[in-house]
Amino acid sequence: MHTAPNRFISILRWTLLTAIFSVLSSDSLIAAAPMKAPEFEGAKGWLNTDHPIRLAELRGKVVLLDFWTYCCINCMHIIPDLKKLEARYPNELVVIGIHSAKFKNEQETDNIRQAILRYEIEHPVANDADFVIWGQFEVEAWPTLVLINVDGTIVGAISGEGHYKTLEKAVGNLVERARQGGTLNAKPLRFAPEKDKTASRALSFPGKIVADEKNDRLFISDSNHNRIVVTDLDGKLVAMMGSGKVGRDNGSYLEASFNHPQGMAWKEPWLYVADTENHLIRRIDVVAKKVETLAGTGRQAPGRSGGGPALTTDLSSPWDLALVGGRLYIAMAGSHQIWALDLKSQRVGPVAGSGREDIADGTALNSAYAQPSGLATDGKTLWVADSETSSIRAFDIKGGSTTTVLGKGLFMFGDVDGSKEVARLQHPLGVAWHEGKLYVADSYNHKIKRVDPIRRLSQTFLGNGQSKDLYEPGGLAFANGKLFVADTNHHRILVADLSSPVLRPLAIDAPLPNSPQARNPLICEGNVCRPQTEKSKEESFK
């Protein structure tokens, strides 16, 4: 749970409502004075609907308000719960997202639209940029869920993640009582999803990239297509790893499935993949052309964990990877920690970060991170893009201590170049190490920054801060003196020569998942690729 500063309103009232919510989820209900829900006034815009939603049109429906901000990992974690509730009660329940932004970049309706598409949200969302609706409902933290009965009165509220069972029982009880009382409106409501206004693309929200200079390869996590796309360094398609279906099947490239993968690490012949929304670490053998599961159970870790055997230990939104010797380091965004997987012993567990969402230097688990989302290494230090603190952290691999290179705190961000004392980033997601310098995907500033980790100086390297040129970049990689950038919200990969830093797009022609071309893939010999034929079905990607 992420608490907003200076927004502590009526704590006693919300404590009472949370208690009522918990009671409602059981078989009996303690009566409480009804509290009429306020209207959704003050929104700067609405998404997934062609008009502003009013409570009057929802009369007879159970309504669940989701107060969220799209940077927040806890908010991301409850999206699957909301989708399950919507699927279980498609005509009885209406979920409405109230997006109350933490970061300045998140206040823009167009940016929220991209987040809705990336998270595949289809219910209406209000842009509560000025916290007007937040204040009317006296919310304190992200995420907060407010339940409204069919008569428009507030039932209760609950904050944080992991409350699906409570929500399911509470909604089920309200639906059944309204049905028995004749006050339920089960007539379907139709909204206007943003996805219906978008075209298909070769890549969909690519998150991270890894370059293999030796073999002229670029690995791209094609996150919203649930696959890994492989090209040469000029963008020519070589392979597609994964069927495109959401799942966690192992097997051949065409049989395997992922769920919104992000970071990767490469050591020939293995590609390691952070299968983020499956809460798994996968490994791909590019010689045998097979995908296997290396760590995780497929369940999200419910809280802090001490680790254990890799395949029986729950993980929480692994976001990026870095390989040093026989250890695979994991940016465990969901638990605000750095973990390590020992590839020999097959054990996994935290090595840095207490699990408390904060910025604090120190040794091992005495330090604190906040949603680490990007990793890079020079073999001695693990550089971390610590997104929620808008900072760059340094983890000493041998000594186990964490120090802060740039950044000040959870709510101290901006777009300022200069020394550590004045420099500010805004929710960085990616970092790369090259010739003594760090290159940072300063995502919400729509820039690439170059950081001297010794002098602790930051300067803008690429981008003018305008999203039409570079739009929330998420990943970086180097090869042949060139910087490759995952331009996430533009659904493309960009490349720039370091000697002349001008970004240009790679022309990648990857077939859409489930298309005939994707089901009948290429066979590549060196840099020559041809369609698979009936005579060569036994062959696959190289």
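Derivation of every value follows stated rules applied to the coordinates shown; laboratory data play no part. This is a predicted model, so every value here is computed, not measured. Counting neighbours? That spans all protein chains shown, and the Cβs are built from the backbone with ideal geometry, glycine included.
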Got a sec? Which strands (runs of 3 or more DSSP E) wholly within segment 90-208 have at least 3 residues that are of a type in the set (Gly, Ala, Ser)?
-> 153-159
Could you pull out the residue among ASP212, ASP234 that is surrounded by fewer than 20 Cβ atoms within 10 Å (Cβ to Cβ), closer than 30 Å to ALA385 by Cα and in contact with a Phe, Trp or Tyr (Cβ under 9 Å, 6 or more places away or on another chain)?
-> ASP212
Residues of segment 185-231 satisfying the condition of being hydroxyl-bearing (Ser, Thr, Tyr) and in contact with a Pro (Cβ under 7 Å, 6 or more places away or on another chain) | SER221, SER223
Inside segment 469-495, the number of residues satisfying the requirement of being part of a loop (DSSP other than H, G, I, E, B) and either among the acidic types (Asp, Glu) or touching a helix residue (DSSP H, G or I) at 6+ places or on another chain (Cβ under 9 Å) (or both) is 7
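Listed here are the residues, each with its yes/no results for (1) more than 18 Å from LEU375 (Cβ to Cβ); (2) surrounded by 24 or more Cβ atoms within 10 Å (Cβ to Cβ).
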| site | (1), (2) |
| --- | --- |
| THR389 | no, yes |
| ASP396 | no, no |
| GLU421 | yes, no |
| ASP452 | yes, no |
| PHE461 | yes, no |
| SER467 | yes, no |
| LEU483 | no, no |
| VAL495 | yes, no |
Failed item, numbered, when SER159 is tested on (1) in contact with a Ser or Thr (Cβ under 7 Å, 6 or more places away or on another chain); (2) free of Cβ contacts under 8 Å to residues at least 12 places away in the same chain = (2)
Only residues in segment 180-204 that are touching a residue at least 60 places away in the same chain (Cβ under 8 Å) count as the first member; pair them with residues that are of a type in the set (Asp, Glu) and outside any loop (DSSP other than H, G, I, E, B), Cβ under 8 angstrom, at least 6 apart or cross-chain, and list the lot.
-> LEU203/ASP222; SER204/ASP222
Only one of (1) closer than 19 Å to ARG54 by Cβ; (2) buried (at least 21 other Cβ atoms within 10 Å of the Cβ); (3) not polar (S, T, N, Q) fails for ASP151. Which number is that?
-> (2)
Looking at (1) touching an Asp or Glu at 6+ places or on another chain (Cβ under 6 Å); (2) within 21 Å of PHE219 (Cα to Cα), can you tell me which one VAL286 breaks?
-> (1)
Residues of segment 213-259 classified as outside any strand (DSSP E or B) and among the small types (Gly, Ala, Ser), total | 8
Does ARG304 qualify as being of a type outside the set (Asp, Glu), assigned to a loop (DSSP other than H, G, I, E, B) and touching a helix residue (DSSP H, G or I) at 6+ places or on another chain (Cβ under 7 Å)?
-> yes
